[in-house]
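Novice: Below is one structure. I have some questions about it.
The values are calculated or read from the model by the stated rules, or taken from the named source; none is laboratory data. Since the model is a prediction, treat every value here as computed from it, not as a measurement. Here Cβ is always computed from backbone atoms with ideal geometry, including for glycine, and neighbour counts include all displayed protein chains.
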Amino acid sequence: QVSTFSGHIQFVSIGRGSMQARRGMQHMTHLTPTCWPALPPFSAEAEVCREAHASRASSTFRVLTWNVWFDPLLGAERQCALIREVLLAAPDVACFQEVVPEFARTLRESETVCSLYDVSPFAVGNYGDLQLVRRACNAKFELQRMPTNMGRSAVISSWTSLIPGLHVASAHLESLKSPSTRRKQLAVLAERLAACPTSVICGDFNFDSTKTWGDWKRGKPACPPEELENKVLLEVLPEFVDVWPLLRPDEEGITFDGKENPICVQDSDEQMRYDRILASAGPLQPVAIQMLGREDINDWGARPSDHFGLCGDFEVRR
């Protein structure tokens, strides 16, 4: 039998799913994606979003970042659940990583999404970054090239209304054992935003603040705390603050969690804080941050993505 979603064929992959996921899909047909259903109208969620935008104080704004996972495993169903949660969170800007062409197309074709947000216009390639910025912000979009062997770039939106002069850069930094490339990518963003005192950098940074990937397999850490890759933030972006540890210092903030999200994360021992929201420390005051995407979307425990999203609130110091 073939899994269906909104009357359309829903194709799945088991390449990165857990054994539990494979057991849950043992009766499904595995094919190459050829179609992706349109998003539903989200009427109720859109109304919640509009009301939240209308009531938000003029000196505050909300940033959301989420690696939406390029895997075709229940891709359209996961997108539907993810966008529903995004609309209910009502961010002023939503920054997505690992956006596949079908995900981007359905966003751009959604009357509901486009009535609320401007969509960054750049092609995502096989997968890439995309921003939704509240229409009232009158944002201008820029594609920032970065050193990469994986086709990575950053999307930057500059706002001319609501919070004039705010710049939001979102990026998916180089994956795997690429610390030198990630440093160069962060340096590019630092240089680009040097003259933009009101700035946010967010996305999937692909390193953790307390451990090195694979430490759980080694028996002892690969390096002491003072030598972790995370020090690059102080060295390259000293004017920016990492919002999660600032506001929730007693919580690990794990956004890629093989124990909590075993359907989408293959290694149950991999628990990493890959995803970040950084804010320029002077003009911006972080006031709240939370995770998204921690609820099951079906009866066998799939989540909207292999990553959890982050949603942060800020006040602008006038």
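Novice: Answer yes if at least one residue in the range 222-233 is in contact with a His (Cβ under 9 Å, 6 or more places away or on another chain), under 17 Å from Thr65 (Cβ atoms) and not acidic (Asp, Glu), and no otherwise.
Specialist: Within the range 222-233 (the criterion being in contact with a His (Cβ under 9 Å, 6 or more places away or on another chain), under 17 Å from Thr65 (Cβ atoms) and not acidic (Asp, Glu)), the answer is no, since none of the residues qualifies.
Novice: Moving on to the next point. Please pick out the residue among Val265, Val200 that is assigned to a strand (DSSP E or B), among the aliphatic types (A, V, I, L, M) and under 25 Å from Ser305 (Cβ atoms).
Specialist: Val200
Novice: Let me ask you something else. When the residues of the range 220-263 are narrowed to those that are β-branched (Val, Ile, Thr) and within 19 Å of the chain's Cα centre (by Cα), which ends up surrounded by the most Cβ atoms within 10 Å (Cβ to Cβ)?
Specialist: Thr255
Novice: Restricting attention to the range 20-78, which residues are part of a helix (DSSP H, G or I), surrounded by 13 or more Cβ atoms within 10 Å (Cβ to Cβ) and at pLDDT 95 or above?
Specialist: Across the range 20-78, the qualifying residues are Glu45, Ala46, Val48, Cys49, Arg50, Ala52, His53, Gly75, Ala76, Glu77, Arg78.
Novice: Still on this model: Quick check on this structure: which one of Lys177, Lys211, Lys217 is outside any strand (DSSP E or B), charged (D, E, K, R), surrounded by 18 or more Cβ atoms within 10 Å (Cβ to Cβ) and out of contact with any helix residue (DSSP H, G or I) (no Cβ under 8 Å at 6 or more places or on another chain)?
Specialist: Values: Lys177 fails: surrounded by 18 or more Cβ atoms within 10 Å (Cβ to Cβ); Lys217 fails: surrounded by 18 or more Cβ atoms within 10 Å (Cβ to Cβ).
Only one candidate passes the filter, namely Lys211.
Novice: Right, next: Val100 is checked against (1) under 23 Å from Ser178 (Cβ atoms); (2) among the aliphatic types (A, V, I, L, M); (3) in contact with a strand residue (DSSP E or B) (Cβ under 8 Å, 6 or more places away or on another chain) and fails just one. What number does that condition carry?
Specialist: (3)
Novice: Let me ask something else. Taking Leu132 as the residue in question, decide whether it is in contact with a strand residue (DSSP E or B) (Cβ under 8 Å, 6 or more places away or on another chain), within 30 Å of Ser58 (Cβ to Cβ) and part of a helix (DSSP H, G or I).
Specialist: Answer is no for this residue.
Novice: State the number of residues belonging to the range 294-315 that are of a type in the set (Phe, Trp, Tyr) and either surrounded by fewer than 21 Cβ atoms within 10 Å (Cβ to Cβ) or within 15 Å of the chain's Cα centre (by Cα) (or both).
Specialist: In the first step, residues of the range 294-315 are kept if they are of a type in the set (Phe, Trp, Tyr); the result is 300, 308, 314.
From the residues that got through so far, the ones that are either surrounded by fewer than 21 Cβ atoms within 10 Å (Cβ to Cβ) or within 15 Å of the chain's Cα centre (by Cα) (or both) too are 300, 308.
Qualifying residue count, the range 294-315: 2.
Novice: Also: Scanning the range 108-149 for residues that are more than 18 Å from the chain's Cα centre (by Cα) and of a type in the set (A, V, I, L, M), which turns out surrounded by the fewest Cβ atoms within 10 Å (Cβ to Cβ)?
Specialist: Here the answer is Ala136.
Novice: Also, quick follow-up: If I filter the range 135-157 down to residues being in a loop (DSSP other than H, G, I, E, B), touching a Ser or Thr at 6+ places or on another chain (Cβ under 9 Å) and not basic (Lys, Arg), which single residue comes out as nearest to Val63 (Cα to Cα)?
Specialist: The selected residue is Ala139.
Novice: Sticking with this one: Check whether at least one residue in the range 264-278 is more than 20 Å from the chain's Cα centre (by Cα), under 21 Å from Ser157 (Cβ atoms) and surrounded by 22 or more Cβ atoms within 10 Å (Cβ to Cβ), and report yes or no.
Specialist: No, the range 264-278 contains no residue that is more than 20 Å from the chain's Cα centre (by Cα), under 21 Å from Ser157 (Cβ atoms) and surrounded by 22 or more Cβ atoms within 10 Å (Cβ to Cβ).
Novice: Checking Arg145 against (1) in contact with a strand residue (DSSP E or B) (Cβ under 8 Å, 6 or more places away or on another chain); (2) of a type in the set (Lys, Arg); (3) touching a residue at least 60 places away in the same chain (Cβ under 8 Å), which test does it fail?
Specialist: So Arg145 meets the others, but not (3).
Novice: What is the residue count in the range 158-172 for residues that are in a loop (DSSP other than H, G, I, E, B) and surrounded by fewer than 24 Cβ atoms within 10 Å (Cβ to Cβ)?
Specialist: 7
Novice: The conditions are (1) over 28 Å from Phe314 (Cα atoms); (2) part of a helix (DSSP H, G or I); (3) of a type outside the set (S, T, N, Q), and Leu107 fails exactly one of them. Which is it?
Specialist: Of everything listed in (1) over 28 Å from Phe314 (Cα atoms); (2) part of a helix (DSSP H, G or I); (3) of a type outside the set (S, T, N, Q), Leu107 misses just condition (1).
Novice: May I ask you to verify whether Arg218 is modelled with pLDDT under 95, out of contact with any Cys (no Cβ under 6 Å at 6 or more places or on another chain) and not aliphatic (A, V, I, L, M)? Outline the logic, then answer.
Specialist: Working: modelled with pLDDT under 95: yes; out of contact with any Cys (no Cβ under 6 Å at 6 or more places or on another chain): yes; not aliphatic (A, V, I, L, M): yes.
The answer is yes for Arg218.
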